[in-house]
Amino acid sequence: ERVRSLLLYLVVHGPSHREQIIDALWPHLDLRAADRNLRVTLSYLNQVLEPARQNGEAPFFIRQTGPTLVLAGHSDLDIDRDRFEALLEQADDADRRGLPSVALEILERALELWRGPCLSEVAYEEWAQTSCRELTVRYVSAALRVSELHLAAGRTGRATDWARRALAADEWNEPAYRLLIASALARGDACAAMRALEACHAALAELGIPPGPQTEMLRRRLVDLTPGLGDSAIA
């Protein structure tokens, strides 16, 4: 467990002083015992990353400069988080240049790297939580953009799928519910739109907040399209 934690700490924080790592991974141990744990854990991690490394040969992937540990550079080490963030930047650039189809292709490549909750092995560690939140927010934002682009192109099934993926990562995300509703309305499925609207209301009620004006506009549109349903049924 600590071998994985040490690797992920270096991925998340970059170059790190030994004392920073000790404080994060062994906060309840005295300095001497924690330093011993770090040395042993680092030795195991180097064995995992470089099983063929000869005794006495300097580690390649984890390098030490004085009291600082650092992972090898991007040209030597492929980290999916770095690829994910780089692709999102490329997609943002394509969007800014008015190339939505290019942005969509890049975003879907980025989202393929997401295999579930990020940093799941250390998600409850205090030192990992900020990075987890930031990565999840970026994932949800990208999934919503993909859903929007598919909906704009009339691909309501794909739009629905990506909105649901966004909700799997953030179950209270109102824009994702709106995309579900809008996709259902676009394909003429009033029942699915109503189910999504009711789920949205229930999620927002858990947070104690009312639906936003854009959600209210979709509700009015649903009422107008299904006069027999009655306004009170989805109020």
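The values are calculated or read from the model by the stated rules, or taken from the named source; none is laboratory data. These numbers were taken from a predicted model, which means no experiment stands behind them. Positions of Cβ are generated from backbone atoms using ideal geometry, with glycine treated the same way; all protein chains shown enter the neighbour counts. What goes into the accessible areas is simple: the full protein's heavy atoms, side chains included, and nothing from ligands, DNA or RNA. Shrake-Rupley method; radii C 1.70, N 1.55, O 1.52, S 1.80 Å.
Of all stretches in the chain that contain no trypsin sites (Lys or Arg not before Pro) in a DSSP loop with at most 11 other Cβ atoms within 10 Å, the longest one is 116-235. Taking all Cα pairs closer than 8 Å and separated by 6 or more residues, the relative contact order of the stretch 82-166 comes to 23 percent. Spin-label model, Arg4 to Ala205: label points 7 Å out along the Cα-to-beta-carbon direction sit 3.8 nm apart.
Largest GNM mean-square fluctuation across Glu121, Glu206, Glu108, computed for the chain with C-alpha springs under 10 Å, falls on Glu206. Each label point was placed 7 Å from the Cα along the Cα-to-Cβ direction; for Val102 and Val137 their separation is 2.8 nm. Across the accessible surface of the chain, with the other protein chains kept in place and a 1.4 Å probe, carbon and sulfur atoms take up 52 percent.
Spin-label model, Asp23/Arg109: points 7 Å from Cα along the beta carbon direction are separated by 4.0 nm. Helix 31-49 and the longest principal axis of the C-alpha atoms of the chain enclose an angle of approximately 70°.
Treating each Cα of the stretch 32-150 as one equal point scatterer and applying the Debye formula with no solvent, the log10 of I(q)/I(0) at q = 0.18, 0.20 Å⁻¹ comes out as -1.03, -1.14. Solvent-accessible surface of the stretch 39-101, averaged per residue with a 1.4 angstrom probe and all protein chains in place: 65 square angstrom. Using a Gaussian network model of the chain in which every pair of alpha carbons under 10 angstrom is joined by a spring, one finds that among Ser75, Ser120, Ser43 the greatest mean-square fluctuation is at Ser75. Across the chain, counting alpha-carbon atoms alone, Rg and Dmax equal 23.5, 80 Å.
Summarised as an ellipsoid, the stretch 1-72 has semi-axes of 19, 13, 12 Å, derived from the eigenvalues of the Cα gyration tensor scaled by 5 and square-rooted, with the largest first.
Expressed as an acute angle from 0 to 90° and rounded to the nearest 10, what is the orientation of the C-alpha long axis of helix 156-169 relative to the principal long axis of the chain? The helix 156-169 is inclined about 50 degrees to the chain.
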